[in-house]
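Notes for the one structure printed next.
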Amino acid sequence: MLEDTSFAIHPGAEQQRNTAVYHDIGNVKYQEKGNDSFHFICENGQVAIRFYTEAIVRITMNPKGEPSWGQSRSVVAEAKKVDVEEDGTAEVYELKTTELHLSISKTPFRIRIYDRQGRELVTEAEQGMAWQENGEVAVFKQMHENDHFYGFGEKAGFLDKRGEMYEMWNTDVYAPHNPETDPLYESIPYFMTLRDGKAHGIFFDNTFRSWFDMRSFAERYAYRAEGGQLDYYVMAGPEPKHVLEQYTYLTGRMPLPPKWAIGYHQSRYSYQTEEEVREVAQHFIDRDIPLDVLHLDIHYMNGYRVFTFDEGRFPNPEKLVRDLREMGIRVVPIVDPGVKKDPEYPTYQEGVTGDLFCKYLEGDIYFGDVWPGTSAFPDFTEEKARKWWGEKHRFYTEIGVEGIWNDMNEPAVFNETKTMDVQVMHRNDGSPATHRELHNLYGMLMGKATYEGLKDQLDGKRPFLLTRAGFAGIQRYAAVWTGDNRSFWEHLQMSLPMVMNLGLSGISFTGPDVGGFAHHSNGELLTRWTQVGAFTPFFRNHSAIGFLYQEPWRFGEKYEAVIKEYIEMRYRWMPQLYSLFAKASSQGLPVMRPLFMEFPEDEKTYNLNDQFMIGDNVIIAPILAPSVVDRAVYLPEGEWVEASSGVAYQGENTYLIHAELEDLPLFIKKGTAVAQTDWTSNKDKSWKRVRMDIYAGDQGEDYRFTFYDDDGETFAYQHGSYLELEVEVVSTEEAVKVDIVDRRGDYVPAYQQIDIHVIGRKDGQDVILNGEKENGDSYLSLTD
Ligand code: GLC
């Protein structure tokens with residue numbers, strides 16, 4: 001407890017400076033060439049290098065022996081055949097692909113990586129790769145004056161991580177998330193460096209506790225891990241978007257979620273009875289507030305036993321799920337990994353008799369305390385346990401459940417260390433390893449077990465999975481929410497850079513608990529937060545036990561009306577959002593983006609925390625403080641139209657924008673397009689009409705937009721059943737020309753046309769649609 005007082009900074013308690021002694025890898029003794037790899041045997045360790053593509057290179061260093069290519073749980077890509085040009089002198093060895101140039105000096109071993117324009121990407125100088133006697137591996141790279149750092153998964157604080165140090169160790173943090181609170185629930189040991197408008201990336205594929213240090217040295221940054229090999233990938237960029245494509249090429253992309261999962265979710269810890277759940281659902285129907293999902297938190301279970309319902313409080317879950325489904329609402333129950341130690345509980349019995357729980361090397365099951373009391377934890381590192389766990393979900397899918405919420409999967413344990421004993425020995429599909437090594441993978445492998453189980457059981461339908469913990473690659477299985485935030489304005493503010501950095505870390509489908517989880521929300525905060533939530537990829541209102549309820553109507557009519565308006569707006573924007581989800585799924589590009597992603601040359605965007613973009617042409621600048629109705633908005637290059645007022649603003653300027661409680665400052669770039677539909681009803685959320693709003697420009701703007709749609713619920717899209725329209729918009733003084741330049745896929749939606757609506761046309765400016773002159777309001781037929 002004393003640590004929470006000034007005693008913590010008692011002069012005598014000053015922490016020892018890190019006096020670690022690093023062994024430098026030393027000089028190259030000799031080098032060898034493998035089939036598709038290059039090996040350097042140095043005085044103090046061995047290095048192997050392999051190109052994955054022309055733009056991605058993997059570098060591994062093992063202090064004790066030959067580097068192993070290992071069995072990564074994150075990387076799903078195989079190394080491609082890459083032509084590598086070799087060259088060099090006795091001192092320096094050169095490896096070149098069409099995109100990368102590695103210059104390796106041998107005394108001592110140092111790597112300098114350039115692109116083929118000679119631009120320096122990643123450089124080692126006085127320090128390079130190193131290790132310590134205790135097993136730690138580290139690497140030091142030069143840091144440039146103009147370097148800005150992004151990514152690192154789920155981190156508190158500002159967008160640009162220069163000057164920060166981060167730890168990767170999945171941790172349950174209920175204490176208030178401060179700018180310095182680290183680590184949190186997800187570990188994504190990956191970052192992007194932006195230097196003078198160009199970007200490159202590094203993925204450190206090491207699951208041990210690790211650190212990224214952009215703080216301790218003026219001219220160097222470092223990353224290090226408690227054990228394992230130094231194993232990292234350098235991605236050449238050169239644009240931020242390329243880095244994302246390269247990183248998600250390695251670690252995989254999100255399968256398209258079902259459309260319903262992109263809608264509005266309502267949750268509470270907990271709606272405690274069937275009647276309460278029905279009542280909440282009925283409120284949404286009666287008030288005509290859009291709702292796609294109601295979450296069931298831990299109280300639905302019998303004594304917090306997963307795969308059970310409390311028969312007193314939830315006597316007929318099947319009917320509940322069915323009735324809600326008829327109202328247009330899905331039910332998503334929570335599933336935690338801890339299985340209650342109870343000899344009369346079948347899931348526990350199966351886990352013990354089937355040898356499926358995490359154990360010590362000596363054979364004893366590991367027990368820890370979580371919600372159900374003493375619990376055992378499935379060993380998700382083992383295929384047998386994953387299959388079993390996946391199968392267990394029939395309990396839910398058989399009553400019509402199509403989505404699951406995984407929580408406490410760091411795993412969280414109520415003890416001093418907050419997690420499982422690091423000495424537990426996981427079976428790890430035949431390569432046993434301790435929890436110390438695999439801790440960070442636990443949540444992701446639970447996600448894999450759950451997602452794959454659901455997929456098997458849903459008869460071709462897309463499952464939805466939400467997770468709290470994860471590691472690099474989690475996007476292949478789950479959406480991520482940012483855990484236990486609070487109903488603080490500061491947490492609304494912090495959620496923007498946090499969600500943007502998650503998006504920059506390959507995880508597009510994310511969002512915070514809208515309204516704040518712990519502490520008491522209020523009408524104004526919930527309204528402003530819902531305005532943001534309407535545009536975060538994952539949109540769920542969730543609140544904790546013991547605090548005020550915060551469903552849209554809880555703070556009175558004035559707030560309810562505005563909250564409803566913004567939840568509806570989410571649904572009106574659905575075609576645009578879904579098209580962006582499709583891009584995230586096919587290319588790894590985030591739905592919600594920091595401005596620098598589109599304007600990497602514009603320094604004003606490098607640490608812009610209170611604005612974000614949806615796709616490449618929409619800027620949202622929400623109000624993030626109480627009583628505020630005016631805010632500064634920075635608009636980058638181009639001309640921008642405020643959607644609500646129609647007022648146009650010249651970019652590369654900052655404006656004071658007025659926004660009453662009912663207003664969300666939202667700007668669309670002139671010369672571009674957004675796709676919209678109408679909100680109809682909870683019962684039938686299918687898009688009856690789709691409209692493309694074209695914002696007329698006159699500066700010769702040339703814009704490409706990919707409109708995407710499919711059935712929204714099956715995997716048929718993976719076999720050609722989708723509609724993809726490549727729309728080209730060219731705006732000049734004389735005309736706004738809209739052309740469908742390509743149509744792909746064979747899906748035919750129920751709406752038979754796309755209405756085209758040109759906004760902000762000047763006198764004398766013609767509208768030309770597919771070569772024909774129109775009056776500004778026309779449509780594009782999808783049937784001829
Ligand atoms: C954890 C989760 C929270 C959930 C609660 C009860 O705190 O982060 O979302 O409501 O557990 O299950």
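The values are calculated or read from the model by the stated rules, or taken from the named source; none is laboratory data. Quick caveat, the model's predicted, so the values are computed rather than measured. So basically every Cβ, Gly included, is an ideal-geometry build from the backbone, and we count neighbours across all protein chains shown. Side chains are part of the model used for accessible areas, which takes the heavy atoms of the whole protein and leaves out ligands, DNA and RNA. Shrake-Rupley method; radii C 1.70, N 1.55, O 1.52, S 1.80 Å.
With open to solvent by 20 Å² or more (accessible area, probe 1.4 Å), away from the ligand (no atom under 16 Å from the Cβ) and part of a strand (DSSP E or B) as the only criterion, which of H144, H148 stands out?
Testing whether each residue is open to solvent by 20 Å² or more (accessible area, probe 1.4 Å), away from the ligand (no atom under 16 Å from the Cβ) and part of a strand (DSSP E or B) leaves just H148.
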Looking for something open to solvent by 70 Å² or more (accessible area, probe 1.4 Å) and within 16 Å of T308 (Cβ to Cβ) - is there at least one such residue anywhere in region 399-419?
no
Of all the residues that make up region 499-526, how many are within 15 Å of the ligand (Cβ to nearest atom) and either closer than 16 Å to E154 by Cα or open to solvent by 10 Å² or more (accessible area, probe 1.4 Å) (or both)?
6
Quick one: in region 275-299, of everything that is within 16 Å of the ligand (Cβ to nearest atom) and charged (D, E, K, R), which residue is nearest to M327 (Cα to Cα)?
E276
Confirm whether S210 is within 16 Å of the ligand (Cβ to nearest atom), modelled with pLDDT of 95 or more and open to solvent by less than 30 Å² (accessible area, probe 1.4 Å).
no
The conditions are (1) open to solvent by less than 40 Å² (accessible area, probe 1.4 Å); (2) of a type in the set (D, E); (3) on the phi > 0 side of the Ramachandran plot, and D288 fails exactly one of them. Which is it?
(1)
Just checking, how many residues over region 722-732 are out of contact with any Pro (no Cβ under 9 Å at 6 or more places or on another chain), buried (at least 17 other Cβ atoms within 10 Å of the Cβ) and farther than 14 Å from D698 by Cβ?
4
Out of the residues in region 531-562 that are more than 16 Å from the ligand (Cβ to nearest atom), more than 30 Å from L504 (Cα to Cα) and among the small types (G, A, S), state the one that is least open to solvent (accessible area, probe 1.4 Å).
G556
Looking at (1) within 22 Å of the chain's Cα centre (by Cα); (2) closer than 30 Å to D678 by Cβ; (3) buried (at least 22 other Cβ atoms within 10 Å of the Cβ), which is the only condition L608 fails?
(2)
Here, strands (runs of 3 or more DSSP E) confined to region 169-224 with at least 3 residues that are farther than 28 Å from L445 by Cβ are 190-195, 198-204
Please enumerate the residues belonging to region 347-381 that are open to solvent by 60 Å² or more (accessible area, probe 1.4 Å) and assigned to a strand (DSSP E or B).
F367, D369, T374
Could you pull out the residue among G447, G443 that is free of Cβ contacts under 8 Å to residues at least 60 places away in the same chain, open to solvent by less than 10 Å² (accessible area, probe 1.4 Å) and either within 16 Å of the ligand (Cβ to nearest atom) or aliphatic (A, V, I, L, M) (or both)?
G447
Within region 733-762, track down each residue that is surrounded by 17 or more Cβ atoms within 10 Å (Cβ to Cβ), part of a loop (DSSP other than H, G, I, E, B) and β-branched (V, I, T).
none
Set R427, R486, R476, R436: member being open to solvent by 10 Å² or more (accessible area, probe 1.4 Å) and in contact with a His (Cβ under 6 Å, 6 or more places away or on another chain)
R486
Pairs with Cβ under 7 Å, 6+ apart, first in region 542-559 and within 18 Å of P290 (Cβ to Cβ) and part of a loop (DSSP other than H, G, I, E, B), second of a type in the set (G, A, S) and more than 14 Å from the ligand (Cβ to nearest atom):
Q550/S521
Modelled with pLDDT of 95 or more, part of a helix (DSSP H, G or I) and of a type in the set (D, E, K, R): which single residue out of R268, R325 fits that description?
R325
Restricting region 450-473 to residues that are more than 16 Å from the ligand (Cβ to nearest atom) and of a type in the set (A, V, I, L, M), the residue that is most open to solvent (accessible area, probe 1.4 Å):
L458
Region 172-205 - residue that is out of contact with any Lys or Arg (no Cβ under 6 Å at 6 or more places or on another chain), open to solvent by less than 30 Å² (accessible area, probe 1.4 Å) and among the hydroxyl-bearing types (S, T, Y) and, of those, farthest from L250 (Cα to Cα)
T181
Mind counting the residues in region 385-430 that are out of contact with any helix residue (DSSP H, G or I) (no Cβ under 9 Å at 6 or more places or on another chain), away from the ligand (no atom under 16 Å from the Cβ) and of a type in the set (D, E, K, R)?
1
